[in-house]
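Visitor: Pasting a structure below so you can have a look.
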Amino acid sequence: MVRTYALLAWTWTRAAAAYPVSFALMVVFGFALAAVDVGVILVVFANTTSLAGFTRPEVLFLYGAANIAFSSVDMCVGNIDRISQHIKAGTFDAFLIRPASTWVQTTVDRFTPTRIGRVLQAVIVLGVAMAELDVPWQRVWMVPVMIATAMVIFASLWTLAGALQFVVTDAPEVCNAFTYGGGQLSQYPFSVYGRDLVRGVTYVVPLAFINWQPGLYVLGRDDPFGTPGFLRFAGPLAALLLALLAALAWRQGVRRYRSTGS
Amino acid sequence: MWAAVAGAFTNSVFGILRAYVLIALWQARPGLAGYDVIDAVTFCFITQAFIGPMQLFGGGLTIPERIRSGDIALDLVRPASLQACSLAEDLGRAAYLLLVRGIPPTMLGALMFGIVFPTGAGQWAAFLASFLLAVLVSFAWRYLVALSVCWLTDDRGIATVSLVLTTFFSGMMVPLSIFPGWLGDLASALPWAAMVQVPADVYLGKADLADALAFQALWAAVLLGLGALATHAIRHKVVIQGG
Amino acid sequence: MIELDRAGRSFKVKRALVHAVRDLSFRVEPGEFVGYLGPNGAGKSTTIKMLCGILTPTSGRVRVAGLDPSRRRTTLARRIGVVFGQRTTLWWDLPLKDSFELIRLLYKVDRKVFRERLDELVETLDLAEFLRTPVRQLSLGQRMRGDLTAALLHAPDVLVLDEPTIGLDVISKNSIRAFLLRVNAERGTTVLLTTHDLGDIERLCRRVMVIDHGRLAFDGSLEQLMATSPEETIEEVVTRLYTRAGQ
C-alpha cells in the first residue's frame, strides 16, 4: 500500500514539475500562509509573557509539533476532501475498477508536494522552540512519537470526514470543521480552552493526543486539568483505535457508493 | 441549504476556538488595548460573522473563471459596467451570507460566552453604515484581485497573497490594536483594517465615528477608482486583442 | 467467463424500492463476443457495474472469471478491462503517457512487458502523436482510443465496454470496431459491449442479449434475432422487440 502510494505520488510529482515556476511559487506561498499563524502567536506574546500558564517557546513547541503532522497529512491525505466531487460526478467508478485500494487512489489523486513549504515552516518553528526550551534528552524520544501519533490521528480524521461524504454528499465543509478545526485547536495549549471542550477532545475524539498530552510530558508539566499521568503515553493507543474506526467507516462508505450518472 | 448550515457550523467551530485564545490573552492582560474580556469575545464573534459577507478567505467573484473561459468578452459588451454589475451581485450575496452564515455563529457565541450589543438605535445605525462600507472595501479589493488574472497566468499565487494580507492585516485573527509598535500603526492605516477592525470597533463603540467612516470611505473610493481603471484597461485589452 | 444467477440490484429512491435489474441470469463463455442491448434505463449500465465490482448486487449471484466481483474487486481488476464511453477512466489533467504509467504502477505490470504492449497498442490505435497531450484536450475519438489502450495494458481475459462508440464519427467507429474484432480473434479476449448503435451489433457480435425492465428479453445469435419478426432491417427488428417488451 505504501509502495503503491509512493510510486503514484512520484508520477504526480513529475507531472507537476513540468511547470517549475508555478510549483516554486506554490511552495513559497504555502510557507507565507503558514507564517500568518506563527505571526499571530508572536503578536499575542508581544502583549504577554504567559498564555494560560504557557510561555512563548512552549506554545511554539506545541504549534510546531502539531503542524508538522497536520501539514504533511494535509499534503498526503488531504486530497480526500475531493471525494464528494468524485461521488457526485461518478468518477469514483474509475477508482473501483483498478486493482488498488480506493483509499490510496483517492488520497494520492492529484498529489502535489507544494505544501512541503508549510511542513518546512513547522519544522523550523519546532527546532527554534526546542533550542530555546532546553528539553532534557531523556524526554526527547517522545517528540518523534508524538509527531507520528499526530499524523495517524489527522489521517484518520480526514478519512472519517471522507467516509462521511458517502452519506451526506452536500456538506464537505462540515468535514473541514473536523480536520482543519483539529489543526487549529492544536495550535495552542489546551489550557486556554474550556474544561468541557477539553474533556470532549480527550475522551470522545482523541485530539488531545495530537500534541497536548505527550507535549506535557516533553515539557515536564502537570496537566492543569488534572488528568491521570498515564494519559501522556496513551497517544499511540488512541491513534490506533481512531485509525481502526476510520478504516471501518471508509469500507462502509465505499459499500454505500451508488455510482450515480449513467 | 445544507451548504449554508455546514458553513455556519464551521464558522462557529472556528469562532469558539478563537474566542478561547482571546479570553486567555485578556485574562493575562485585563484591559489590553482598551477592551475588557467581554469586548474581546464580542470582537471575535462579530468579526466571525464578517467572513461570509466579505468573503475574507477569498473567492466569491466568478470573474477569474469567466476570464479563463473567454465569457468576459460578453460581460464587457453589455451596456452596464462590469464593476457595477459585479458589485450588485456581490451585495446580494453578502446579505444572504450574513443571514445564513454570519448571524448563527454570533448568536451561538452570545449564548456560550455572552457578548455586548450596541446601546440604542444610533449605535446600530452607525454600525450598519460602517459594515456596508466594509463590504464595499472588501468587494473593491477582491475585484482588483480577480481582474489581475488578466495579466497573470497563474491566479493561485495572487489569491494566496491576498489571503495572507487579508487574514493578517484585517484584524481577523487578533485585533490590530494589540499589534506591537510600528506594525500596529502600519496595519491600522492599510485598507484591510477598513474591512474588519474598523466596523468591529464601531460596533463596540471604541472608535470615533466620523474618523472611522471617513477612513473606510477613503479606502473604498481609492480601491473602487483603481477597479474602474482596471476595468477600462481590460476592456481595451479584450477589444484590441480579441480576448 | 461471466455468470449471472438470478442477479438483482435495487436502489432506494425517496423511500421507494426501484429494481434496476431483477432475476437476471446468463452465461458468457470464454472467447465470446456478446452485444448487450436495451432501451435507455433498461439496466445495462447497472449490469456492467455489477460485473466489475462497482455495484454490489442486492440479490442473486455474479461471477466473473470465477470471482465474486464485489468481494474480490482488486483480484478481478487484474483480469478485467473496463471502458465507459460516457466518461473516461483516465486522469483528466495528465498527459496520456503519464496516465498509462499510472496504470502500469497500479496493475504492477513488468516494465518490459508493458513497453511491448504499449508500443503495439499505440501502433494499432494510432496514438503516437497524442501521447504528450493532456486527456482533457483530446477529441472524443482520441480519448476513446486512449481508454481502450488503458483497459488492455494489463492483458485482461474479459473486456467490458459500456457504449464504446457513443458520439464517435464514422471513421473513429470503424477503427474501434476493427480493433475490437482483432483483440477478440487474436487474443481470445471475451468481449461484452452495450450499445445503442446497431451497426456495432451487425459488425461485431455473434451473440445478442436484449434486456428490458431489468430482465432478459432475448438471448441468441444475430440470425435468431432477425428471425424473431418479419421485418427486414435490424433497426426494425429491435424497435419491435423494445416496444413489445415495453408492453
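The values are calculated or read from the model by the stated rules, or taken from the named source; none is laboratory data. No experiment lies behind these values; they were computed from the predicted model shown. Cβ coordinates were reconstructed from backbone atoms using ideal geometry, including for glycine residues, and neighbour counts include every protein chain displayed.
Visitor: Residue by residue through the stretch A:7-45, note down the ones that are buried (at least 21 other Cβ atoms within 10 Å of the Cβ), touching a strand residue (DSSP E or B) at 6+ places or on another chain (Cβ under 9 Å) and more than 10 Å from chain B (Cβ to nearest Cβ).
Guide: Correct list: A:Ala15 only.
Visitor: Looking at the stretch A:143-170, which of its residues are part of a helix (DSSP H, G or I), within 14 Å of chain B (Cβ to nearest Cβ) and in contact with a Ser or Thr (Cβ under 7 Å, 6 or more places away or on another chain)?
Guide: A:Leu157, A:Ala161
Visitor: Of all residues in the stretch B:103-128, count the ones that are surrounded by 14 or more Cβ atoms within 10 Å (Cβ to Cβ) and small (Gly, Ala, Ser).
Guide: 3
Visitor: Next up: At least 2 residues that are within 14 Å of chain A (Cβ to nearest Cβ) and closer than 20 Å to A:Ile41 by Cα in each: list the helices (runs of 4 or more DSSP H) lying fully within the stretch B:1-103 that qualify. Don't jump to the end; show me each part of the working.
Guide: Working: elements: B:2-28, B:37-48, B:51-54, B:63-69, B:72-77, B:82-97.
Result: B:2-28, B:37-48.
Visitor: If B:Ser162 satisfies every condition in (1) farther than 30 Å from A:Phe31 by Cα; (2) part of a helix (DSSP H, G or I) but one, which is the exception?
Guide: Condition (1) is where B:Ser162 drops out.
Visitor: So is A:Ala129 touching a residue at least 60 places away in the same chain (Cβ under 8 Å) and not aromatic (Phe, Trp, Tyr) or not?
Guide: Answer is yes for this residue.
Visitor: Can you pull out every residue in the stretch A:46-55 that is at negative phi and at the interface with chain B (Cβ under 7 Å from one of its Cβ atoms)?
Guide: Selection gives A:Ala46, A:Asn47, A:Thr48, A:Ser50, A:Leu51.
Visitor: Test each condition in (1) within 19 Å of A:Ile83 (Cβ to Cβ); (2) touching a residue at least 24 places away in the same chain (Cβ under 8 Å) for A:Ala239 and report the one that comes out false.
Guide: Result: A:Ala239 passes all but (1).
Visitor: Kindly indicate whether B:Val137 is under 30 Å from B:Ile38 (Cβ atoms) and under 21 Å from the mean Cα position of the chain (by Cα).
Guide: The answer is yes for B:Val137.
Visitor: Here's something else I'd like to know. From the list A:Ala100, A:Ala66, pick out the single residue that is buried (at least 22 other Cβ atoms within 10 Å of the Cβ) and either within 14 Å of chain C (Cβ to nearest Cβ) or farther than 18 Å from A:Ala15 by Cβ (or both). Can you show your working first?
Guide: Numbers: A:Ala100 fails: buried (at least 22 other Cβ atoms within 10 Å of the Cβ).
Only one candidate qualifies: A:Ala66.
Visitor: Among (1) surrounded by fewer than 17 Cβ atoms within 10 Å (Cβ to Cβ); (2) more than 27 Å from B:Gly122 (Cβ to Cβ), which single condition is B:Leu163 missing?
Guide: (1)
Visitor: Here's something else I'd like to know. Can you tell which of B:Val41, B:Val100 is among the aliphatic types (A, V, I, L, M), surrounded by 23 or more Cβ atoms within 10 Å (Cβ to Cβ) and on the phi < 0 side of the Ramachandran plot?
Guide: Going through B:Val41, B:Val100 in turn, just one is among the aliphatic types (A, V, I, L, M), surrounded by 23 or more Cβ atoms within 10 Å (Cβ to Cβ) and on the phi < 0 side of the Ramachandran plot: B:Val41.
Visitor: Okay, next question. Counting only residues that are within 9 Å of another protein chain (Cβ to nearest Cβ), under 18 Å from C:Arg136 (Cβ atoms) and out of contact with any Ser or Thr (no Cβ under 7 Å at 6 or more places or on another chain), which one in the stretch C:90-112 is surrounded by the fewest Cβ atoms within 10 Å (Cβ to Cβ)? Can you show your working first?
Guide: Filtering the stretch C:90-112 for residues within 9 Å of another protein chain (Cβ to nearest Cβ) gives C:90-95, C:98, C:101-103, C:105-108.
If we keep only those that are under 18 Å from C:Arg136 (Cβ atoms) as well, we get C:90-95, C:98, C:101-103.
Now restrict to residues that are out of contact with any Ser or Thr (no Cβ under 7 Å at 6 or more places or on another chain): C:92-94, C:103.
Values: C:Trp92: 12, C:Asp93: 14, C:Leu94: 21, C:Ile103: 22.
Ranking the qualifying residues of the stretch C:90-112, first place goes to C:Trp92.
Visitor: Still on this structure, please answer the following. Only residues that are buried (at least 22 other Cβ atoms within 10 Å of the Cβ) and not in a helix (DSSP H, G or I): list them for the stretch A:189-205, please.
Guide: Across the stretch A:189-205, the qualifying residues are A:Pro189, A:Tyr193.
Visitor: Kindly indicate the residue of the stretch A:106-141 that is aromatic (Phe, Trp, Tyr) and more than 27 Å from A:Ala247 (Cβ to Cβ) and also modelled with the highest pLDDT among those meeting that condition.
Guide: A:Trp141
Visitor: Hey, another quick one. Applying the selection to the stretch B:166-183, what residues are surrounded by 17 or more Cβ atoms within 10 Å (Cβ to Cβ) and of a type outside the set (Gly, Ala, Ser)?
Guide: Correct list: B:Thr166, B:Thr167, B:Phe168, B:Phe169, B:Met172, B:Met173, B:Val174, B:Pro175, B:Leu176, B:Ile178, B:Phe179.
Visitor: Being more than 9 Å from every other protein chain (Cβ to nearest Cβ), in a loop (DSSP other than H, G, I, E, B) and at positive phi is the filter; apply it to the stretch C:39-77 and report the residue that is surrounded by the most Cβ atoms within 10 Å (Cβ to Cβ).
Guide: So, considering only residues that are more than 9 Å from every other protein chain (Cβ to nearest Cβ), in a loop (DSSP other than H, G, I, E, B) and at positive phi, the one surrounded by the most Cβ atoms within 10 Å (Cβ to Cβ) is C:Gly43.
Visitor: Quick test for you: out of A:Ala100, A:Ala69, pick the one residue that is under 22 Å from A:Val2 (Cβ atoms) and modelled with pLDDT of 95 or more.
Guide: Numbers: A:Ala100 fails: modelled with pLDDT of 95 or more.
Of A:Ala100, A:Ala69, the one residue that is under 22 Å from A:Val2 (Cβ atoms) and modelled with pLDDT of 95 or more is A:Ala69.
Visitor: Report yes if some residue within the stretch B:188-203 is closer than 21 Å to B:Ile115 by Cα, surrounded by fewer than 19 Cβ atoms within 10 Å (Cβ to Cβ) and away from chain A (no Cβ under 11 Å); otherwise report no. So that I can check it myself, show each step before the final result.
Guide: Here is the first cut: in the stretch B:188-203, the residues closer than 21 Å to B:Ile115 by Cα are B:195-203.
Subset that is surrounded by fewer than 19 Cβ atoms within 10 Å (Cβ to Cβ): none.
No, there is no match, as no residue in the stretch B:188-203 is closer than 21 Å to B:Ile115 by Cα, surrounded by fewer than 19 Cβ atoms within 10 Å (Cβ to Cβ) and away from chain A (no Cβ under 11 Å).
Visitor: Looking only at residues in the stretch A:206-262 that are aromatic (Phe, Trp, Tyr) and surrounded by 14 or more Cβ atoms within 10 Å (Cβ to Cβ), which one is nearest to the other protein chains (Cβ to nearest Cβ)?
Guide: A:Tyr257
Visitor: Within the stretch C:198-214, is even one residue more than 18 Å from the chain's Cα centre (by Cα) and touching a residue at least 40 places away in the same chain (Cβ under 8 Å)?
Guide: Step one: list which residues in the stretch C:198-214 are more than 18 Å from the chain's Cα centre (by Cα), which gives C:213.
Among the residues that remain, those that are also touching a residue at least 40 places away in the same chain (Cβ under 8 Å) are: C:213.
Within the stretch C:198-214 (the criterion being more than 18 Å from the chain's Cα centre (by Cα) and touching a residue at least 40 places away in the same chain (Cβ under 8 Å)), the answer is yes, since at least one residue qualifies.
Visitor: So, one more: Taking the residues in the stretch A:108-142 that are outside any helix (DSSP H, G or I) and not aliphatic (A, V, I, L, M) as candidates, determine which candidate is surrounded by the most Cβ atoms within 10 Å (Cβ to Cβ).
Guide: A:Phe111
Visitor: If you don't mind, there's one more thing I want to ask. Does B:Val222 meet the test of being surrounded by 21 or more Cβ atoms within 10 Å (Cβ to Cβ), modelled with pLDDT of 90 or more and either part of a loop (DSSP other than H, G, I, E, B) or more than 14 Å from every other protein chain (Cβ to nearest Cβ) (or both)? Write out each step before concluding.
Guide: Details: surrounded by 21 or more Cβ atoms within 10 Å (Cβ to Cβ): no; modelled with pLDDT of 90 or more: yes; either part of a loop (DSSP other than H, G, I, E, B) or more than 14 Å from every other protein chain (Cβ to nearest Cβ) (or both): yes.
Answer is no for this residue.
Visitor: What do you reckon, is A:Ser186 within 14 Å of chain B (Cβ to nearest Cβ), under 25 Å from A:Ala129 (Cα atoms), surrounded by fewer than 24 Cβ atoms within 10 Å (Cβ to Cβ) and touching a residue at least 12 places away in the same chain (Cβ under 8 Å)?
Guide: no
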